[in-house]
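The values are calculated or read from the model by the stated rules, or taken from the named source; none is laboratory data. The structure displayed is predicted, hence computed values, not measured ones. For neighbour counting, all protein chains shown are included, and Cβ atoms are generated from backbone atoms with ideal geometry for every residue, glycine included. Each accessible area value is taken on the protein alone, full model and side chains, heavy atoms only, with ligands, DNA and RNA left out. Shrake-Rupley method; radii C 1.70, N 1.55, O 1.52, S 1.80 Å.
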Amino acid sequence: MALGKETTYGTDKVVSNLTIRYLPRVSHWVQQEAPEVVNAMMRAFLLEEPVPYLRWQATLSPDDPAREVRD
């Protein structure tokens with residue numbers, strides 16, 4: 001990893017009208033990996049609407065052994 005999100009910390013002190021959203025499980029190439037999410041966020045920002053957050057949740061198929069509940 002070349003640049004971590006830590007490099008963005010404190011940016012709000014030098015940039016006005018800043019909105020930062022971190023996309024879990026997405027690399028530096030956010031527009032290529034999650035274009036629908038990025039476009040929705042950019043659209044909201046440009047229209048001065050609340051910029052949505054992305055919340056990642058693992059989903060397992062019904063036959064995945066990790067779904068087993070153990071007592």
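Applying the condition of being hydroxyl-bearing (Ser, Thr, Tyr) and part of a helix (DSSP H, G or I) to the stretch 1-30 and asking which residue is most open to solvent (accessible area, probe 1.4 Å) yields THR7. Could you please find all residues in the stretch 31-51 being exposed (fewer than 13 other Cβ atoms within 10 Å of the Cβ) and outside any helix (DSSP H, G or I)? Those that are exposed (fewer than 13 other Cβ atoms within 10 Å of the Cβ) and outside any helix (DSSP H, G or I): LEU47, GLU48, GLU49, PRO50.
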